[in-house]
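Written below as structure tokens is the structure these notes are about.
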Amino acid sequence: MAELSEEYTIYAVKVVQPWEDENDYWIPRIYEELKARRARLGWGYYDGADIRKIKEKSDERGWDFLSEDESTTWRHVWFALAVKPGDYFVYINMPKYGKCTIVRITGGYDFSAVWDQEEQGDFRHCLPCKFIATFDRNADIVHPFLRQRLGLQRAWYRVYARAEFQELLDAIREGEKGESAVSRLQEAINQHLMQIAHETYRNFPGKNLEPLLFDALGKLPNVKRVEKGPDVNGADLEIEFESGLTMTGLQRVEFCAVQVKSYEGAMDYTKAIEDIRRAFRSDREYTCGLIVSTALEMTEDFERQLQELRAESNKEVGILIGKDLAYLLMKYGIDRKAIA
């Protein structure tokens with residue numbers, strides 16, 4: 001693998017997702033712009049959306065003098081001013097669900113004129129770039145740690161997985177297809193983890209899965225207690241844990257509603273999402289949610305509805321399924337006495 005001495009930042013960005021309005025119009029156009037060496041970002045639908053001018057206005061007059069549109073634009077795109085040549089953008093679900101596109105930034109931020117054919121006028125924030133590649137997020141050449149980082153929910157975020165990202169760039173450059181020794185080993189491990197998830201489903205059907213998860217979740221770092229949930233409000237289990245930095249004043253206690261589903265195949269059963277939504281609406285003061293299932297993967301529709309729940313509740317909702325669930329059980333073991 002190449003040396004990691006070169007300094008660069010990796011940004012994951014989500015512009016238009018396949019389930020959002022006007023995706024059929026914008027996604028192919030933004031993808032063509034990437035291939036034409038222009039990396040575009042959203043929230044640029046009006047002439048005054050140039051974030052350089054917004055920053056200048058706020059510096060001179062203060063944030064309270066920004067319009068609602070200007071405040072919204074700044075909140076979503078301010079990071080573009082910090083992007084430097086040599087940094088990478090990874091566009092999530094571009095040009096379709098499950099695919100990602102990498103570009104390397106070659107210049108500074110600019111705000112363009114309306115550029116799309118029908119003059120709808122958005123995505124005018126622009127940085128020059130070099131098109132690198134489009135890859136499958138679930139391919140063997142993508143390290144599991146990087147794959148997980150590329151599945152986070154925010155509109156943009158820094159990806160702190162330099163070694164794994166460089167490994168991906170090397171694999172793309174060398175044309176590896178998952179047949180190297182490392183890839184074969186990873187594939188074998190993944191197959192075993194998938195089998196463990198399947199066996200978990202077979203041996204712990206229905207409500208039988210809850211005691212197993214009760215024990216495993218209680219062993220996670222920073223978890224203070226796990227209790228059986230009220231159930232009638234949508235929470236099978238409840239977790240209390242600490243998050244934040246281990247410094248005075250920078251930690252907080254989280255109260256998590258957990259839905260447990262013993263499920264086979266792809267996760268398209270959205271009752272778990274509805275149950276978490278019901279839990280959030282109850283009088284319990286949940287700060288986040290978690291869906292745990294023996295399902296091996298999510299469907300596109302399930303992920304779309306999960307994103308909708310996160311957006312409407314403004315709360316983190318994690319998902320632990322398939323290989324990740326199997327890894328948890330392997331790492332923390334099974335206490336036979338606890339689930340006897």
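In whole Å and largest first, what semi-axes does the C-alpha gyration tensor of the stretch 202-333 yield when each eigenvalue is scaled by 5 and square-rooted? If you can, show how the numbers build up before the last one.
Numbers: eigenvalues 97, 69, 41 Å².
After scaling each eigenvalue by five and taking roots: 22, 19, 14 Å.
Would you mind calculating the gained length between ASP324 and LYS53 on full extension (0.36 nm times residue separation, minus the Cα-Cα distance), in nm to one decimal? Write down the numbers at each step before the final one.
Values: separation 271, 0.36 × 271 = 97.56 nm, distance 4.47 nm.
Contour length minus the Cα-Cα distance gives 93.1 nm.
Between beta-carbons, use under 11 Å as the cut-off and find the net charge around ALA155, counting Lys and Arg +1, Asp and Glu -1.
Values: positive: LYS14, ARG75, ARG154; negative: none.
Neighbourhood net charge equals +3.
Under a plain spin-label model, where a point goes 7 Å from the Cα along Cα-to-Cβ, how far apart in nm are LEU220 and ILE334?
2.0 nm
Calculated from the structure, Cα extents along the principal axes in Å equals which of (i) 76, 52, 50; (ii) 59, 42, 35; (iii) 66, 52, 43?
Recomputing Cα extents along the principal axes in Å here gives the entry labelled (iii).
Using only Cα atoms, tell me the angle between helix 322-332 and the longest principal axis of the chain; keep it within 0 to 90° and round to the nearest 10.
Approximately 60 degrees, to the nearest 10.
Once you put a point 7 Å from the Cα of GLN307 and another 7 Å from the Cα of GLN191, both along the Cβ direction, what distance in nm separates them?
Placing both labels 7 Å beyond Cα along the Cβ direction yields 3.3 nm.
Too long at a 19 Å Cα-Cα cut-off: which of LYS35/LYS130; LYS35/LYS96; LYS207/LYS261; LYS224/LYS271; LYS96/LYS271?
Violating the 19 Å limit, Cα to Cα: LYS224/LYS271; LYS96/LYS271.
If you restrict to DSSP beta bridges whose two residues both lie in the stretch 228-328, what percentage is antiparallel, to the nearest 5?
Approximately 40 percent, going by the DSSP bridge assignments.
Using only alpha carbons, build the gyration tensor for the stretch 50-184 and give me the equivalent ellipsoid semi-axes, biggest first, whole Å.
34, 16, 14
Find out how many positive minus negative residues lie around PRO205, taking Lys and Arg as positive, Asp and Glu as negative, among other residues whose Cβ is under 15 Å from that of PRO205. Numbers along the way, then the final one.
Details: positive: ARG202, LYS207, LYS261; negative: GLU199, GLU210, ASP236, GLU264.
So the environment of PRO205 carries a net charge of -1.
Taking 25 Å as R0, compute the FRET efficiency from the Cβ-Cβ separation of SER243 and ARG284 and round it to 0.05.
The calculated FRET efficiency here is 0.85.
Values quoted throughout were computed directly from the atomic coordinates according to the rules given, and no laboratory measurement underlies them. Nothing here was measured: the structure is a model prediction, and the numbers come from that model. Note: ideal-geometry Cβ built from the backbone for every residue, glycine included; neighbour counts use all protein chains shown.
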